[in-house]
Amino acid sequence: MTNTVSELNIEPKPVQKCCLEDKGRRVVKVAFSICTALSLLIGTLLLFNVKTIPKYTSLNKAGKQILESVIEIQLEEENYLLYNQEDAFDNVKDEINELRKLVSSYEKSMPAEKEAKLFDFAAWDEAISLYERLFDQFNLYHKAVEKHIIELRILEKSILAIIFSKMNPERGIIALQEIRIHEKGYFLYRNYPKTPDKRSFQDKRKEAVSNLLMWAQHDKRIEELMEKDDKLFKTILNCYKSQDAIFPALKKEGGKIRNVAEKFFEEGNQKLYLISHRCVFLSTTLLLMWLIMAIAIAVTRFR
């Protein structure tokens, strides 16, 4: 007679449960190995992205330095042209040389051909060189204007000496003062828009010259001096016209140089933006992956 399991008092083995637990552990081990491999891969990618941050941070720094140099050049220009600070001209030349060194040094440190094509260093160097030549020309005309104005002042003393030697010099002095006032008006306001109801400073000056010559009553001394005065004034006009013609080109090349800073800023910010998003994505992926792995281990351990 065959005895049953219950009669023999033997409990059945949980074969199926043990198999499921073993299978679950194997799956967790495989998943853990995959997570470890993926973690190493993600960590490598994170390290690669983090290592490129200083490179693109230097782009922003270079852009800032270029922008500061351009601003310094503009300030020195104003000091030279508005306040006649002679040392400002040398400062502009120094700033231009520093700017050229900065762009050249970054060009040498850039290994990637793709980025070298992106940054047209040859065009920027040409713009800097052209800016320097234009500024030299601008400076020559500016100095010529100052030189001729000094000659006008010396000539004015000679004219005044003759006026004071004549009877009733008041009208002659007033006419000469009007000539100088209208000259200064042209020098200061030549680039301002002209109103249609007002005469130009040149026309007013001609009228003042006529008044002086009428008062002089064909005095050859004053006529000869005023001829020299007119020649000097016309020379100054030509110098100002040449100087004013250079100024737009000077600003244009200055704008090209300023684009260097904008290009560096744009490229640096764009790359840093992409790197930051990559790092956030990779870090989030790594965190979620290990969080899921931890949950799977806990379920398998405490089930």
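None of the figures in this text is laboratory data; all of them are computed from the coordinates on show. The structure presented is a predicted model; accordingly, all values stated were derived computationally and were not measured.
How large is the Kirkwood hydrodynamic radius of region 175-246, counting all unique pairs of alpha carbons, in Å?
On the way: mean 1/r = 0.0759 Å⁻¹.
Result for region 175-246, one decimal place: 13.2 Å.
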Problem set entry | Rg and Dmax [Cα atoms of region 208-288; Å; Rg one decimal, Dmax integer] | 32.3, 102
Problem set entry | Hz values of 3J(HN,Hα) by residue in region 31-48 - Karplus curve (6.51, -1.76, 1.60), Gly and Pro given as x | 4, 5, 5, 5, 4, 5, 5, 5, 5, 4, 5, 5, x, 5, 5, 4, 4, 4
